[in-house]
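Report on the structure given below.
The values are calculated or read from the model by the stated rules, or taken from the named source; none is laboratory data. Please read these numbers as outputs of a predicted model, since none were measured by experiment. All Cβ positions, glycine included, derive from the backbone under ideal geometry; neighbour counts span all protein chains shown.
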Amino acid sequence: MGGLEISFELRKRGWTQTRVARTLGVTQSAVHQVIFNRARSRRIRIFIAKILKKEVTVLWNDRPKYFYH
């Protein structure tokens, strides 16, 4: 999935980048960077994947699956 698709899916479920950031205690910019694959944060990726009920590797396919367990 691309960043725009991830953002859209989050919005459909009532989550903004700001809400994700506040929930995790990080900046909105950090969330944006992860969504658009400009930065990697295992914690942010796992949280977003849980919201979207998808595997991390489906959303970001740049890491082997075992990295996220």
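The set of residues in the range 1-20 that are in a loop (DSSP other than H, G, I, E, B) and either under 19 Å from Asp62 (Cβ atoms) or in contact with a strand residue (DSSP E or B) (Cβ under 7 Å, 6 or more places away or on another chain) (or both) comprises Met1, Gly2.
Selection of the range 26-52 for residues being basic (Lys, Arg) and more than 17 Å from Gly2 (Cβ to Cβ) yields Arg42, Arg43, Lys50.
Among the candidates Leu24, Leu4, Leu10, Leu52, single out the residue that is of a type in the set (A, V, I, L, M), modelled with pLDDT of 95 or more and exposed (fewer than 15 other Cβ atoms within 10 Å of the Cβ). None of the others qualify; the one that does is Leu4. Among the residues of the range 39-62, write down those that are part of a helix (DSSP H, G or I) and of a type in the set (A, V, I, L, M, F, W, C). Across the range 39-62, the qualifying residues are Ile44, Ile46, Phe47, Ile48, Ala49, Ile51, Leu52, Val56, Val58, Leu59. Restricted to the range 21-31, and to residues there that are assigned to a helix (DSSP H, G or I) and either touching a residue at least 24 places away in the same chain (Cβ under 8 Å) or among the polar types (S, T, N, Q) (or both), the residue that is nearest to Lys53 (Cα to Cα) is Thr23.
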